[in-house]
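See below for the structure under consideration.
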Amino acid sequence: MAESNALAQSLPSGAETRRIPDPCAIVIFGASGDLAERKLIPALYYLWRANLLPEAFCVVGCGKTHFTNEAFREKMKNGVKKYLSVQPEDYDSLDAFLRKLHYLSGDYATEGAYTDLKSLLEQLDREGGAGGNRLFYLATPPSFFPVAVQHLGNSGLAEQPEEGTRYSRIVIEKPFGRDLTSARELNQIVTRVFKEEQVFRIDHYLGKETVQNLLVFRFGNGIFEPFWNRRYIDHVQIAVAEELGMEGRGGYYEEAGLVRDMIQNHVLSLLSLIAMEAPAIFEATAVRDEKAKVMRAIRPIPLERLSEFAVRGQYVDGWENNERLPAYRAEPKVSPSSTTETFAALKVFVDNWRWADVPFYLRSGKRLPKRISEITIHFRRAPHLLFKGTGTTSIEPNRLSIHIQPNEGMSLVFNAKIPGSTMQIRPVTMNFRYEESFGQSPPSTAYETLLLDSMVGDSMLFTRADFVDLAWELLTPVLNRWREDGRKGLSFYEPGTWGPSESDAFIERDGRQWQEL
Ligand SMILES: NC(=O)c1ccc[n+]([C@@H]2O[C@H](COP(=O)([O-])OP(=O)(O)OC[C@H]3O[C@@H](n4cnc5c(N)ncnc54)[C@H](OP(=O)(O)O)[C@@H]3O)[C@@H](O)[C@H]2O)c1
């Protein structure tokens with residue numbers, strides 16, 4: 001196996017104490033695609049180089065595109081080198097890893113391809129490759145998910161013995177459905193073939209170190225929970241901003257839009273981690289139960305007053321660094337009269353004892369000024385202005401920012417006296433940065449964590465069927481209304497701005513402002 005090196009030290013905290021997964025075969029459907037080359041294979045190599053994969057492990061890439069094993073390995077080698085820093089001293093371990101990769105071309109919409117796949121997996125097992133364990137990874141367009149699941153069921157590949165001596169699991173990429181009906185249909189198809197404990201619906205945000213640290217921050221410290229409620233918190237903001245536009249993914253985006261792409265999964269997951277109650281034990285069912293309870297408590301968005309609760313926007317053309325950027329409507333595979341949103345801001349309430357009347361403002365968009373994901377907890381102002389006799393007319397409320405990306409960490413803003421003979425007050429920031437505290441950044445993507453978790457069977461960071469259902473239940477009526485409204489109510493914004501002016505007006509109506517990011 002690969003030698004231990006610096007990479008092992010940069011693994012998620014706790015990884016050192018995790019068990020190495022049992023031998024297994026990872027079958028990637030859509031292995032010729034972008035996700036496999038950019039994220040999955042580099043993440044697997046990262047784990048391999050850090051000695052976190054079993055020796056008896058293999059990857060079978062599946063797709064229509066024809067590759068020999070060698071050609072597939074070469075393509076993946078390029079991917080690893082492009083997306084991970086691989087030093088000359090790592091070349092041997094990379095070659096050893098690449099020998100674990102295989103490719104099987106076929107039409108996976110037909111039964112025959114699964115017979116071939118089964119034979120190959122059995123052959124790899126006999127050669128000591130995988131110990132009979134299989135992890136199927138659906139990295140294809142979602143339209144293929146039902147077909148693959150059904151064929152995996154019919155071919156017997158989904159079966160696992162009751163006594164748990166070997167496993168068959170499925171990892172399903174986002175998006176999981178495009179509305180409540182389609183998500184339910186897909187869930188039905190999946191659960192006819194796989195038991196819930198075999199299903200790993202991926203939301204790569206949940207694999208991010210800072211997101212996992214949210215649980216530690218809230219429930220591993222005694223001092224924060226007492227003020228984590230409506231008595232002390234005025235409101236919460238969750239922002240996920242992207243600087244890029246479509247980057248060739250206009251066809252996908254035109255069908256999806258911002259809410260389906262970002263809010264239904266990532267942003268609502270973050271919200272549930274911020275708002276959930278403490279689970280009794282640190283275990284997948286307990287944690288996911290609490291997350292689902294938050295989703296159940298979210299007040300339906302009132303469609304008759306939709307503009308008070310939701311804003312949608314779309315970017316127009318503009319300039320950046322002397323480069324002309326196209327409008328969304330001019331992106332390839334996008335309709336010139338598209339009403340798909342590339343920006344959305346929502347206000348939701350979690351109607352329970354802890355959060356009654358505390359607004360959660362959710363904001364996300366494409367072509368914003370920078371790529372940043374941040375949660376900000378805005379606390380209530382100090383109840384009494386003690387210093388007004390000294391010329392201080394108001395003081396800033398405290399604020400806790402959780403930086404998910406980039407510069408993972410947290411910062412707390414509080415007020416301090418400016419040194420000198422007069423009583424002047426200004427906010428100061430106390431920072432925690434992963435890099436500074438632990439001497440390393442978290443892994444480059446969250447896929448390392450999530451792939452390892454799915455191999456050891458830990459589903460805590462994956463989305464359960466009820467969560468998906470509840471998320472769609474909340475958002476589908478809004479999406480339907482927007483579709484009916486078409487152009488009406490759609491605002492426009494220039495690239496490099498924080499969305500349409502209606503978004504500022506939306507939060508300012510409540511006497512609040514968007515957090516500067
Ligand atoms: N790329 C990302 O950064 C990213 C991030 C998060 C989530 N995802 C999700 O990951 C999945 C894959 O994304 P991607 O960007 O890798 O897509 P992609 O580059 O389009 O690749 C998808 C692969 O799926 C196969 N495929 C395409 N159409 C198919 C069909 N009708 N039936 C069966 N196979 C088909 C293709 O391989 P063959 O033609 O060889 O069969 C193709 O290589 C999607 O669900 C996406 O939403 C992607």
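State the antiparallel share, in %, of DSSP beta bridges confined to the chain, rounding to the nearest 5. Present the calculation step by step, with values, prior to reporting the outcome.
Numbers: 44 of 78 bridges.
If I count the DSSP bridges inside the chain, around 55 percent turn out antiparallel.
Under 4 °C and 1.567 mPa s, how fast does region 13-97 diffuse according to Stokes-Einstein, given a Kirkwood radius computed over C-alpha pairs? Answer in µm²/s, whole number. Could the numbers behind the result be given before it?
Details: Rh = 13.5 Å.
Translational diffusion coefficient: 96 µm²/s.
In order along region 131-138, the Karplus-derived 3J(HN,Hα) couplings, from 6.51 cos²θ - 1.76 cosθ + 1.60 at θ = phi - 60°, round to x, x, 8, 10, 10, 8, 10, 8 Hz, and Gly and Pro are given as x. Positive end of the dipole of the chain (Cβ unit charges, origin at the Cα centre): among Gly457, Leu35, Tyr253, the Cα lying farthest that way belongs to Tyr253.
Taken about its Cα centre, the chain carries a charge dipole of about 1280 debye when Lys and Arg each add +1 at the Cβ and Asp and Glu each add -1 at the Cβ. Using the Cβ-Cβ distance between Asp95 and Asp458 with R0 = 35 Å, the FRET efficiency computed as 1/(1 + (r/R0)^6) comes to roughly 0.70. For region 463-479, 3J(HN,Hα) computed residue by residue from phi via the Karplus equation (6.51, -1.76, 1.60; θ = phi - 60°) reads 8, 7, 4, 5, 5, 4, 4, 5, 5, 5, 4, 5, 9, 4, x, 5, 5 Hz, glycine and proline entered as x.
Once the gyration tensor of the Cα atoms in region 252-323 is diagonalised, the equivalent ellipsoid follows with semi-axes of 33, 18, 11 Å, ordered largest first.
Its DSSP H runs of at least 4 residues, each contributing -39,500 (n - 2.57), put the calculated 222 nm mean residue ellipticity of the chain at -9500 deg cm²/dmol, to the nearest 500. When peptides 153-163, 136-146, 170-180 are sorted by average Cβ neighbour count within 10 Å, with the highest value leading, the order is 170-180, 136-146, 153-163.
Would you mind calculating the relative contact order of region 408-517 from Cα pairs under 8 angstrom and at least 6 residues apart, reporting the percent as a whole number? Walk me through the numbers on the way to the answer.
Details: 62 pairs, mean separation 13.7, N = 110.
Worked out over region 408-517, it gives 12 percent.
Near Gln424, the amide H atoms lying under 5 Å from its own belong to Ile418; only residues 5 or more places off or on other chains count, and H is placed 1.01 Å from N. Other residues whose C-beta falls under 15 angstrom from the C-beta of Phe432 contribute a net charge of -2, scoring Lys and Arg +1 and Asp and Glu -1. Packing, as the average of other Cβ atoms within 10 Å across residues, places the peptides 304-311, 476-483 in the order 476-483, 304-311, highest first. Full extension of the chain segment joining Ser119 with His384 gains 88.0 nm, where the gain is 0.36 nm per residue of separation less the Cα-Cα distance. Taking amide H positions as modeled 1.01 Å from N, with prolines and chain starts lacking one, the residues under 5 Å from Ala130 and 5 or more places away or on another chain are Asp125. Packing-based ranking of 186-197, 416-427 yields 186-197, 416-427, ordered from highest to lowest mean Cβ neighbour count within 10 Å.
Tell me, in nm to one decimal, what length is gained between Asn352 and Glu247 on full extension, where the rule is 0.36 nm per residue of separation less the Cα-Cα distance? It would help to have the intermediate numbers written out before the result.
Numbers: separation 105, 0.36 × 105 = 37.80 nm, distance 4.09 nm.
Here the answer is 33.7 nm.
Phi-derived couplings, Karplus 6.51 cos²θ - 1.76 cosθ + 1.60 at θ = phi - 60°, listed residue by residue for region 507-514: 7, 5, 4, 8, x, 10, 9, 5 Hz, with x used for Gly and Pro.
About its Cα centre, the dipole of region 19-173 is roughly 400 debye, where the only charges are +1 on Lys and Arg Cβ and -1 on Asp and Glu Cβ. Placing unit charges on the Cβ atoms only, positive for Lys and Arg and negative for Asp and Glu, gives region 19-94 a dipole magnitude near 280 debye about its Cα centre.
Throughout, read-outs are computed from the coordinates displayed, never taken from laboratory work. Because the structure is predicted, anything quoted here is derived from the model rather than measured. Note: ideal-geometry Cβ built from the backbone for every residue, glycine included; neighbour counts use all protein chains shown.
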